[in-house]
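In what follows, a structure is listed as structure tokens, so that the remarks can point back to it.
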Amino acid sequence: MPTEAPTASRRRGELLERAILDAAWAEVLEVGYPKLTMEAVAARAQTSKPVIYRRWRTRAALVLAAMQHSLPGWDDLPDTGSLRSDLIALLQRVAHRFDLVPGDLIPGLITETFSDPESAAAVRAQITSFARARILRPVLQRAVARGEITTTEISPRLARLPFDLMRNESMIYGMPVSDAAIAEIIDEVVLPVLAATPRES
């Protein structure tokens, strides 16, 4: 087991936090969530456990922050020229995003935080963070401008729908969601629902 390293000099604020988050994610990828220790993260980041605990009170909180820090963001949303291909590209990106997450991480986080409502809520928020209406709205706005649909106003449930269906597909069959399954979700469920959504008043 790595020994705890002394705190590196002159690292403060964001620079130190980035080093800790990078170290935590590297440990997750190298040893998996169940074997991750705060000692190993501190050694890799060249800091101390108390420094880490001042920022993240639990291992789960640290790893959630590291996951958010390390996974690709949503700044560059698909713009392919059609709503269907935009939505397919978006779901493929979501599928790829979770290809980057070790298979034992999400189950481990859920199990570890089961008795801690605050941490459990943070895990759920991280897992479903891509399913917010703000992620879909730019795609829908372009579709409205092209005349493909009539409104960008969708309910939170509809905003979650394609991602919930994809997550269910993965959990039921225990494998990455195929491109064919993504196309079926879009063609057979999401597009018909969007087409039936009432026009903005």
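Considering only residues that are of a type outside the set (Ser, Thr, Tyr) and either in contact with a strand residue (DSSP E or B) (Cβ under 8 Å, 6 or more places away or on another chain) or closer than 18 Å to Arg44 by Cβ (or both), which ones fall in the range 65-88? Hits for the range 65-88 are Ala65, Ala66, Met67, His69.
When restricted to residues that are of a type in the set (D, E, K, R) and either in contact (Cβ under 8 Å) with a residue 60 or more places away in the chain or assigned to a loop (DSSP other than H, G, I, E, B) (or both), the range 86-105 contains 2. The helices (runs of 4 or more DSSP H) falling completely within the range 106-185 that include 2 or more residues that are within 20 Å of the chain's Cα centre (by Cα) and modelled with pLDDT of 85 or more map to 133-145, 156-173, 179-185. Counting only residues that are part of a helix (DSSP H, G or I) and either hydroxyl-bearing (Ser, Thr, Tyr) or surrounded by 10 or more Cβ atoms within 10 Å (Cβ to Cβ) (or both), the range 186-201 holds 10 of them.
Of the residues examined, Glu112 is one that is in the same structural domain as Phe163 (by TED's automatic domain parsing) and acidic (Asp, Glu). Among the residues of the range 49-75, the one identified as among the small types (Gly, Ala, Ser) and loosely packed, with under 14 Cβ neighbours inside 10 Å is Gly73. Go through (1) assigned by TED's automatic domain parsing to the domain that holds Leu158; (2) free of Cβ contacts under 8 Å to residues at least 40 places away in the same chain one by one and return the number of the condition Arg54 breaks. All conditions are met except number (1). Applying a threshold of 7 Å to beta carbon distances and a minimum spacing of six or more residues, or different chains, the list of pairs starting in the range 146-165 at a residue that is assigned by TED's automatic domain parsing to the domain that holds Arg124 and ending at one that is surrounded by fewer than 18 Cβ atoms within 10 Å (Cβ to Cβ) and of a type in the set (Lys, Arg) reads Thr150/Arg199; Thr151/Arg199; Thr152/Arg137; Ala159/Arg132. Within the range 76-114, being under 18 Å from Met166 (Cβ atoms), surrounded by 16 or more Cβ atoms within 10 Å (Cβ to Cβ) and among the acidic types (Asp, Glu) holds for one residue alone: Asp86.
The values are calculated or read from the model by the stated rules, or taken from the named source; none is laboratory data. Everything numeric in this text was worked out from a predicted model, so none of it was measured. For neighbour counting, all protein chains shown are included, and Cβ atoms are generated from backbone atoms with ideal geometry for every residue, glycine included.
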